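Participant: Please read through the structure below; I'll follow up with questions.
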Amino acid sequence: MSSVDSQQRVLSGMRPTGKLHLGHYHGVLKNWVKLQHEYECFFFVADWHALTTQYEDPRIIEQSVWDMVIDWLAAGVNPGSATIFIQSKVPEHAELHLLLSMITPLGWLERVPTYKDQQEKLKEKDLATYGFLGYPLLQSADILIYRAGRVPVGADQVSHVEITREVARRFNHLYGREPGFEEQAEAAIGKMGKKNGKMYRELRRRYQEQGDQDALETARALLKEQQNLSLGDSERLYGYIEGGGKVILPEPQPLLTPESKMPGLDGQKMSKSYGNTIALREDPDSVSQKVRTMQTDPARVRRTDPGEPERCPVWGLHKVYSQDDTKEWVQQGCRSAGIGCLDCKKPLIDAIVAEQKILHERAAEYEGNPELVRSIIEEGCEQARAAARDTLDEVRRAMGLSYR
Ligand code: TRP
Ligand code: SF4
């Protein structure tokens, strides 16, 4: 068995649904760039997930895949530090998804909040499909196939990591047992003494039936105190709390991505659906044009009218981009009508353009050389497949499918 340090493994994916914008950069991508230095990272393009909602018109997925990979590279995701790949090029995800589907109760999927929410939100699409119902389980397969312990996601995706934990727990419970494991574990409980044995059983039951994390912690602490257990028995009983002998698929934890404070051009959160974005690789003239035409404090009709930054979306961007002295200048100048709105926007345009300069430079290398991008992905897919195959071998063996 290959040894994988799950706690060191990070996996995350993004659906290719269009060009990325500065909200993605300040939220997700800067976080990925940081994580790639701290963990063994796998970042992938979730094209199958895009297909679950985009199946009637899959064209845009293909174009978005390459744009998105270049956006990642431009943001500083480094193929030397992280493994970058495309989901559909690692078919092992699909096999694990299929195998996990055998043990996943329908109700678990029907109860994931995004299932109904997205159907409501995307009314124009028919999402009463088998594939869409399975969306969170496919995501579970994405995570579990790498035995990733940490999954950077936004708050909207936490329920998907949660169901992944439940599926992993069920899998380990069903298939992680070694022959005779249960008898040995039961015999070990006998050695703890009546009172402790009873308490152990009760905590184990609470954890297994209700997923009670406190019960898990308490049971572990209880085991730690036991003096008269051999090392072997003690390890058995640690595994037995969680149901099986071996942990084949470790339960991942969500790593909550800090909410991006990046406002859009209208002051709402920057989002494609609001049409208020600046693209990650927007060209400088267009940045200037977009910022210059931004709505300002509606009370500032004439240049001589004083304004209030708190009522102005431009101020929201200053909070992200400007130093204290500039912010001071804005507040002062706005409230006293000492500066005009175009004056106020100028340093902002400069700051955004300056931030994007390095992104454009990095992107240029790849835009002019599609083969380079393809070879980065090719290599990433190979690395990912090797890791995925290790897990899948073990999963097949555990389920009795390793015919020779
Ligand atoms: N569902 C995620 C999203 O929409 C994308 C995704 C697919 C993902 N598989 C994943 C994220 C696995 C983290 C881990 O954002
Ligand atoms: Fe907004 Fe700046 Fe104009 Fe004030 S001066 S209203 S903060 S753009």
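We did not get these values from a lab; they are worked out from the coordinates using the rules stated. All figures in this text were calculated on a predicted structure; none of them were measured in a lab. In this analysis, Cβ positions are derived from the backbone assuming ideal geometry, glycine residues included, and neighbour counts consider all displayed protein chains.
Participant: Once phi is turned into θ = phi - 60°, what whole-Hz ³J(HN,Hα) does the Karplus curve with 6.51, -1.76 and 1.60 give for every residue of the stretch 280-295, x standing for Gly and Pro?
Facilitator: Whole-Hz 3J(HN,Hα) from phi for the stretch 280-295: 4, 10, 5, 7, x, 5, 6, 4, 4, 4, 5, 6, 5, 9, 5, 4.
Participant: Do the sum for the chain: with -39,500 (n - 2.57) for every DSSP H run of n ≥ 4, divided by all residues, what is the mean residue ellipticity at 222 nm, to the nearest 500 deg cm²/dmol?
Facilitator: My calculation for the chain gives -18000 deg cm²/dmol from helical runs alone.
Participant: A follow-up question, please. Let's see if you can work this out: charge +1 on each Lys and Arg Cβ, -1 on each Asp and Glu Cβ, no other charges. What is the dipole magnitude of the chain about its Cα centre, in debye to the nearest 20?
Facilitator: 860 debye
Participant: Which of the trypsin sites (Lys or Arg not before Pro) found in the stretch 223-301 are loop residues per DSSP with 16 or fewer other Cβ atoms within 10 Å of their Cβ?
Facilitator: LYS246, LYS261
Participant: If you don't mind, another one. Could you list which residues have their amide H under 5 Å from that of GLY13, counting only those 5 or more apart in sequence or on another chain, with H placed in the peptide plane?
Facilitator: PHE44
Participant: Two-decimal Rg/Rh of the stretch 113-245 from alpha-carbon positions, Kirkwood Rh?
Facilitator: Result: Rg/Rh = 1.11.
Participant: If you don't mind, there's one more thing I want to ask. Distance from the Cα centre of the stretch 262-316 to that of the stretch 64-110, in angstrom?
Facilitator: About 35 Å separates the Cα centre of the stretch 262-316 from the one of the stretch 64-110.
Participant: What's the tally of Lys pairs in the stretch 233-297 whose alpha-carbon atoms lie under 23 angstrom apart, where the two lysines are 8 or more places apart or on different chains?
Facilitator: Value for the stretch 233-297: 5.
Participant: Next question, about the same structure. How much of the DSSP beta bridge set in the chain is antiparallel, as a percent to the nearest 5?
Facilitator: 10 percent
Participant: Where does each of ILE143, ILE339 land when they are ranked from fewest to most other beta-carbon atoms within 10 angstrom?
Facilitator: Lowest to highest Cβ neighbour count: ILE339, ILE143.
Participant: Expressed as a fraction of 2.2 N^0.38 Å, the rule-of-thumb size for a compact globular protein of N residues, what is the C-alpha radius of gyration of the stretch 1-115?
Facilitator: 1.18
Participant: Taking the alpha carbon gyration tensor of the chain, what are the square roots of 5 times its eigenvalues, largest first, to the nearest whole Å?
Facilitator: With the √(5λ) rule applied to the chain, the semi-axes are 48, 25, 20 Å.
Participant: While we're here: Connecting C-alpha atoms closer than 10 Å in a GNM of the chain, tell me which of GLY18, GLY80, GLY245 has the biggest fluctuation.
Facilitator: GLY80
Participant: While we're on this one: Between the stretch 34-54 and the stretch 135-187, what is the separation of their alpha carbon centroids in Å?
Facilitator: The stretch 34-54 and the stretch 135-187 have Cα centres spaced 19 Å from each other.
Participant: If you take the alpha carbon radius of gyration of the stretch 65-186 and divide it by 2.2 N^0.38 Å, what ratio comes out, to two decimals?
Facilitator: So the Cα radius of gyration is 1.28 times the expected 2.2 N^0.38 Å.
Participant: For the stretch 181-241, what is the charge dipole size about the Cα centre, in debye to the nearest 20, if Lys and Arg each add +1 at the Cβ and Asp and Glu each add -1 at the Cβ?
Facilitator: Around 260 debye, computed over the stretch 181-241.
Participant: Within the stretch 5-78, which GluC sites (Glu not before Pro) sit in a loop by DSSP and count at most 11 neighbouring Cβ atoms inside 10 Å?
Facilitator: GLU56
Participant: How big is the C-alpha Rg of the stretch 181-241 next to the rule-of-thumb value 2.2 N^0.38 Å, as a ratio?
Facilitator: 1.00
Participant: What's the extension gain from GLN383 to LEU106 if we count 0.36 nm per residue and subtract their Cα-Cα distance?
Facilitator: 96.4 nm
Participant: What share of all Cα pairs of the stretch 281-366, in percent, falls into each consecutive 5 Å distance bin?
Facilitator: Percent of Cα pairs in each bin: 3, 15, 25, 22, 15, 9, 5, 3, 2, 0.
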